[in-house]
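The values are calculated or read from the model by the stated rules, or taken from the named source; none is laboratory data. Predicted, not measured: the structure shown is a model, and the values here were computed from it. Using ideal geometry, Cβ is built from the backbone for each residue, glycine included, and neighbour counts are taken over all protein chains shown. Note: areas computed on protein heavy atoms with side chains; ligands, DNA, RNA excluded. Shrake-Rupley method; radii C 1.70, N 1.55, O 1.52, S 1.80 Å.
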Amino acid sequence: MTDENKGKRRKTTDNIDFLDDLNSFTSQVNEQKLPYALFDLQSFVNEAIARGEKTIVIPKGRHYVEPQKTQGYGWQHLLLKDLNDVIIDGTKAEMICAETTRAITLDNCKNVTLVGLTVDYDPLPHTQGRIAGMSSDKSTLHIELMDGYPDADFVWKNVVEIYSSQTDELATSTYYGVSFAKTGQRSLTITKPGNYKAQNSDEQVGDIVVINTRQTQSFVSHAILADKCTNLVLKDMTLYASHGFGFFETDCTASQYINCKVDRRPPEQDFMTREYRRLRSLSLDAFHSKHAKVGPSYIQCTARYNGDDGFAINGHYHIISYAPGTRQIRVIGKLGEEPDLVVGDEVELVSYSGERVPNAKITAIEAGSDLWQSERNFLNQANFAGRVKNTRSATSVYYVTLNRAITLPIGSLIASANRIGNGFLVQGCTAGPNRSRGILVKASNGSIINNVLVDNWGMAIKASPEFKWLEAGSGNNITITGNTITKCHDVAIAVHAENGDGAISPVGAHNDVKISGNSIVDSSMPAIAVTSTKNLDLTNNIISGRDNDLVEPWRRNQFGRSQKPNRKIFLKNVA
């Protein structure tokens, strides 16, 4: 690449995938600002819907789309609201989002299919730079930003990922809580918090950092959000960047994601020439489902080079603060908000000790009184993580009446068993390389089958509720079969549960779990860990090779590693 071409956008015709009919379908070109056509995608779709069209074909080509503000939704580049029985076909169309805010929102849609569309951002929601120097203890890194990536003015949040300049793969663990100091338009200094030690920092001078950026005042999180949709189908879609989750759904029913892809964009397909190829796709989870009434199906999807989990399915736990043997109990909502509990819901109940008690049903719910001092004391000392710490700001409780009396200690948990993604499927997908887990499920009546998981820095497959994140729930009737896992940095397959104090939960947190016919290669030990499970079928799994050097230092005392570092299978509280 010649110096004069670095940082320049390619002409649209440089990419043969988007040649067809491009000039015929572009609506406006601003030669001073835009390298390709400005397209009012929102109006195009709205007008087709107004004409009564049930199949809407987005023009082929690469389209620069600006966001629009809608009351109650904020800014996004395309809003699809209250649609029924509509197909939107974006095959051979590419949507370049003009600002680092949401690409697509789907709200309250039924039987809607979105197919074939490629989504990317210009400007990107991250920048890249090379480590030009560092302090002797590696606590301070001096960064020179690369041509073709956003300036230091736009650096955002406090997270840094670092990739090897030799392999283009992650070089070390992700650093959180860092601070930035701009030293020039194209340079900055990164300072790590004191908990990161030099001996556990594997980056070198010349390695490449990726940092989140934000270039808009009209910010709405995540790239593609579906909310309260039923029978949604997203097929053959590709997402190359996002400032949060990639494909995110909340309160949906029976969504299908078929052959959808999250990946870093190959340089030969990029719309801009850059000094160095993109090393990350998006900043958080590639696919994430919350509160699904019927869980999603992820079929032949890809999640690579994203900054957190590949596939995640879960719901909310809320805190039981008073259950003295009566039907009416006091509940504090996660994040201090109104709990997603509805009259008629079946609820999962978990004691602070980690013991599952029989489910119950809600017969009434109402706003309650201010928090008691004992409740405030509990919240202030609870081991919450991330945003869940906001639960400490709760000002009042909710009175939830069940169909039977229960006795549970403060800090026990309640979740709607109807809104945690039960009935999920993850089949034939690829997850990794990525910073965290490959597949993370907290639901029941589901299958994880025939997936390929590569170089996950967390567990490759994890089924576990989490107290500190207040993420539900426990798993019943789960099948994990036919998966191939390579170079996992933590337990390759983990079905486990911990109580409020972080100790292993008793038998029965999970029930009827099958782990069979999986292949685990060159990964850290133990390769399989199961705890707190009743009726486990653990058969015909092949574990070959091991690489315990992959384990992060803070995990070396987990799952019996410190006692038996080469143990292949760890079992505790299993019947």
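Assorted remarks:
- Residue check for Gly333: farther than 30 Å from Arg264 by Cβ and within 15 Å of the chain's Cα centre (by Cα): no
- Residue in segment 315-325 that is in contact with a His (Cβ under 9 Å, 6 or more places away or on another chain), crowded, with 24+ Cβ neighbours inside 10 Å, part of a loop (DSSP other than H, G, I, E, B) and of a type outside the set (Lys, Arg) present: no
- Residue in segment 133-141 that is under 23 Å from Met272 (Cβ atoms) and either open to solvent by 10 Å² or more (accessible area, probe 1.4 Å) or assigned to a loop (DSSP other than H, G, I, E, B) (or both) present: no
- Within segment 376-396, considering residues that are open to solvent by less than 70 Å² (accessible area, probe 1.4 Å), out of contact with any Phe, Trp or Tyr (no Cβ under 8 Å at 6 or more places or on another chain) and not in a loop (DSSP other than H, G, I, E, B), the one farthest from Asn499 (Cα to Cα): Ser396
- Just so you know, in segment 69-102 the residues that are open to solvent by less than 70 Å² (accessible area, probe 1.4 Å), over 20 Å from Gly246 (Cβ atoms) and not aliphatic (A, V, I, L, M) include one that is modelled with the lowest pLDDT, and it is Thr70.
- Residue in segment 220-227 that is open to solvent by less than 10 Å² (accessible area, probe 1.4 Å), of a type outside the set (A, V, I, L, M) and in contact (Cβ under 8 Å) with a residue 24 or more places away in the chain present: no
- Inclusion of Ser523 among residues that are of a type in the set (S, T, N, Q) and either free of Cβ contacts under 8 Å to residues at least 60 places away in the same chain or on the phi > 0 side of the Ramachandran plot (or both) is not warranted.
- Each residue in segment 398-416 was checked for being over 21 Å from the mean Cα position of the chain (by Cα), open to solvent by less than 40 Å² (accessible area, probe 1.4 Å) and of a type in the set (A, V, I, L, M, F, W, C), and 6 pass.
- Scanning segment 434-454 for residues being out of contact with any Ser or Thr (no Cβ under 6 Å at 6 or more places or on another chain) and either of a type in the set (Lys, Arg) or surrounded by fewer than 20 Cβ atoms within 10 Å (Cβ to Cβ) (or both) gives a total of 4.
- For segment 80-122, a residue qualifies if it is part of a loop (DSSP other than H, G, I, E, B) and among the basic types (Lys, Arg), and exactly one does: Lys92.
- Any chance Asn511 is among the polar types (S, T, N, Q) and open to solvent by 10 Å² or more (accessible area, probe 1.4 Å): yes
- Taken over segment 522-535, residues that are buried (at least 18 other Cβ atoms within 10 Å of the Cβ) and part of a strand (DSSP E or B) amount to 7.
- The set of residues from segment 455-475 being outside any strand (DSSP E or B) and either open to solvent by 30 Å² or more (accessible area, probe 1.4 Å) or closer than 27 Å to Val521 by Cβ (or both) comprises Asp455, Trp457, Gly458, Met459, Ala460, Ser464, Phe467, Lys468, Trp469, Gly475.
- Failed criterion for Pro150 (all others in (1) surrounded by 20 or more Cβ atoms within 10 Å (Cβ to Cβ); (2) under 27 Å from Leu234 (Cβ atoms); (3) of a type outside the set (Lys, Arg) hold): (2)
- When each of Gly116, Gly129 is tested for being surrounded by fewer than 22 Cβ atoms within 10 Å (Cβ to Cβ) and in contact (Cβ under 8 Å) with a residue 40 or more places away in the chain, the lone residue that passes is Gly116.
Every residue, every condition in (1) modelled with pLDDT of 95 or more; (2) farther than 16 Å from Lys462 by Cα, yes or no:
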| residue | (1), (2) |
| --- | --- |
| Gly517 | yes, yes |
| Ser523 | yes, no |
| Asn540 | yes, yes |
| Asn557 | no, yes |
| Ser562 | no, yes |
| Lys568 | yes, yes |
| Asn573 | yes, yes |
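- Each residue in segment 78-92 was checked for being touching a Leu at 6+ places or on another chain (Cβ under 6 Å), in contact (Cβ under 8 Å) with a residue 40 or more places away in the chain and not β-branched (Val, Ile, Thr), and 1 of them qualify.
- Ile480 vs. criteria in a strand (DSSP E or B), more than 26 Å from Val357 (Cα to Cα) and either open to solvent by 10 Å² or more (accessible area, probe 1.4 Å) or among the β-branched types (Val, Ile, Thr) (or both): no
- Only residues that are open to solvent by 20 Å² or more (accessible area, probe 1.4 Å), in a loop (DSSP other than H, G, I, E, B) and either farther than 25 Å from Gly386 by Cβ or at pLDDT below 95 (or both) were counted across segment 194-219, and they come to 10.
- Glu53 vs. criteria outside any strand (DSSP E or B), of a type outside the set (A, V, I, L, M) and on the phi < 0 side of the Ramachandran plot: yes
- Some residue of segment 296-310 being crowded, with 19+ Cβ neighbours inside 10 Å, of a type in the set (Ser, Thr, Tyr), on the phi > 0 side of the Ramachandran plot and assigned to a loop (DSSP other than H, G, I, E, B): yes
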